[in-house]
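J.: The structure that follows is given in the form of structure tokens.
The values are calculated or read from the model by the stated rules, or taken from the named source; none is laboratory data. Everything numeric in this text was worked out from a predicted model, so none of it was measured. Reconstructed Cβ throughout: ideal geometry from the backbone, glycine too, with neighbour counts over all protein chains shown. To get the accessible areas, we keep the full protein, side chains included, count just its heavy atoms, and leave off ligands, DNA and RNA. Shrake-Rupley method; radii C 1.70, N 1.55, O 1.52, S 1.80 Å.
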Amino acid sequence: MTSPVADRRPRTSVADAQDVQARAVAAAQGLALMVADSLRAMYDDAVYLVFYRDDYERPELAAIRDVEGRTVCDLTGHRIPVALHDGTLRSAWGDFDPQNPKDLQHLVALMDSLGGEFDDLPEELCAYGDAEWTQCLPLSPHATFAGPRTGGPRRLRPYGTHRCDTVPAP
């Protein structure tokens, strides 16, 4: 058995781990805002980025929907037809392409892996054939939520009631 003193593996304090976790959630919040701003720049009436979970709990994009749940853009194809013309937002995407649904799906999965939590799409907005557990990233202050009106610090609501772990309460 190895002595704890002789073990040279790096150790992390609880405070350092909590700090990393808070920064990860803040990154997910910031990424959610960048994605929401981008999709709103591309589609004025975008209110929800809708996705399902596959058998492995990975997000599978479905559509961008408006405030009444109508599809604004189907994301199951190979290309999003509208370009992102805002230079600042476009540069925030780096090597990713905002017109590529697979790149958008990767960013949703990244937000998820960073500890972000998504809302369920309100039942009254689900289109015929929607899965029971349809989730969404709200893209507008006009979005309504299926769950509680307030979200925890991990809830990804770019224009809603979320509060980031790293921002002290007023």
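J.: Applying a 10 Å radius around every beta-carbon, put 40-47, 88-95 in order of their mean neighbour count, most first.
T.: Numbers: 40-47: 18.8, 88-95: 12.4.
So the order, starting with the most tightly packed, is 40-47, 88-95.
J.: Something else: Using the per-residue mean of other Cβ atoms lying within 10 Å as a proxy for protection, in what order, highest first, do the peptides 106-117, 14-25 fall?
T.: Ranked by mean Cβ neighbours within 10 Å, highest first: 106-117, 14-25.
J.: Just add up the charged neighbours of Trp93: K/R +1, D/E -1, any other residue whose Cβ is under 14 Å from the Cβ of Trp93. Each step should come with its number before you reach the end.
T.: Values: positive: Arg90, Lys102; negative: Asp37, Asp86, Asp95, Asp97, Asp103.
Residues close to Trp93 contribute a combined charge of -3.
J.: State, as an integer percentage, the relative contact order of region 1-112 based on alpha-carbon contacts under 8 Å between residues 6 or more apart. Write out the running numbers ahead of the final one.
T.: Working: 120 pairs, mean separation 24.8, N = 112.
Normalised by residue count, the contact order of region 1-112 is 22 percent.
J.: Under a 1.4 Å probe, what is the accessible area of region 23-83 per residue, stated in Å²?
T.: 47
J.: A follow-up question, please. Given H placed on each backbone N at 1.01 Å, which residues far from Glu60 in sequence or on other chains put an amide H within less than 5 Å of it?
T.: The answer is Tyr52, Arg53, Asp54.
J.: What residues have an amide H closer than 5 Å to that of Ala146, excluding those fewer than 5 places away on the same chain, when H is modeled at 1.01 Å from N in the peptide plane?
T.: Those qualifying (amide H under 5 Å, at least 5 residues apart or on another chain) are Asp120.
J.: Oh, and also: Take the Cα of His78, step 7 Å along the line toward its Cβ, and report every residue of region 97-112 whose backbone nitrogen sits under 14 Å from that point.
T.: 100-102
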